[in-house]
């Protein structure tokens with residue numbers, strides 16, 4: 001779903017705004033979380049498990065950061081935030097650049113006359129509901 005599409009503008013957005021306004025103050029974040037997941041799934045959410053993993057990482061990091069803040073542990077809080085950022089960037093990097101890296105390895109191995117060709121670990125199909133990494137693709 002695109003932000004400028006008719007279903008988004010006249011169905012999804014008004015329902016989300018109304019549900020958020022009607023929800024109690026403590027429940028608004030849950031309404032927005034649910035709306036975000038529905039929005040992502042509607043647009044072809046082949047990677048909903050990855051999104052759930054990122055949400056879980058950030059939630060746990062947020063709880064740990066608050067606990068460190070309450071205990072007055074500034075250094076620990078900074079380390080927690082740094083690790084959360086590293087985890088998010090690593091996940092983003094893997095899903096954005098893994099196919100590129102495999103293509104470069106294929107190109108180099110083809111030029112050297114060694115190895116087998118592969119299409120990469122992440123399916124390029126929009127309808128793919130899961131991703132995989134074959135160990136054989138990583139061997140030279």
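The values are calculated or read from the model by the stated rules, or taken from the named source; none is laboratory data. If you're wondering where the values come from, they're calculated on a predicted model, not measured in any experiment. Because the Cβ atoms are built from the backbone with ideal geometry, glycine has one as well, and the counts that use them run over all protein chains shown.
Taking only pairs six or more apart or across chains, which ones have beta-carbon atoms under 7 Å, a first residue in the stretch 1-16 that is within 15 Å of residue 36 (Cα to Cα), and a second residue that is in a helix (DSSP H, G or I)?
Close Cβ pairs (under 7 Å, with a partner that is in a helix (DSSP H, G or I)) amount to 1/7; 1/8; 1/12; 1/39; 1/42; 2/8; 12/39; 16/35.
With more than 24 Å from residue 5 (Cβ to Cβ), in a helix (DSSP H, G or I) and in the same structural domain as residue 7 (by TED's automatic domain parsing) as the only criterion, which of 76, 26 stands out?
26
So if I check each of 95, 47, 39, which one is touching a residue at least 60 places away in the same chain (Cβ under 8 Å) and surrounded by 12 or more Cβ atoms within 10 Å (Cβ to Cβ)?
47
Kindly list the number of the only condition in (1) in contact with a helix residue (DSSP H, G or I) (Cβ under 7 Å, 6 or more places away or on another chain); (2) more than 30 Å from residue 40 (Cα to Cα); (3) modelled with pLDDT of 95 or more that fails for residue 67.
(1)
Identify, by number, the condition in (1) loosely packed, with under 11 Cβ neighbours inside 10 Å; (2) assigned to a helix (DSSP H, G or I); (3) in contact with a helix residue (DSSP H, G or I) (Cβ under 9 Å, 6 or more places away or on another chain) that residue 8 doesn't meet.
If we test residue 8 against (1) loosely packed, with under 11 Cβ neighbours inside 10 Å; (2) assigned to a helix (DSSP H, G or I); (3) in contact with a helix residue (DSSP H, G or I) (Cβ under 9 Å, 6 or more places away or on another chain), just (1) comes out false.
If you go through the stretch 100-119 one residue at a time, do you hit one that is more than 30 Å from residue 4 (Cα to Cα) and either modelled with pLDDT of 95 or more or in contact with a strand residue (DSSP E or B) (Cβ under 8 Å, 6 or more places away or on another chain) (or both)?
Looking for residues that are more than 30 Å from residue 4 (Cα to Cα) and either modelled with pLDDT of 95 or more or in contact with a strand residue (DSSP E or B) (Cβ under 8 Å, 6 or more places away or on another chain) (or both), one finds none in the stretch 100-119, hence no.
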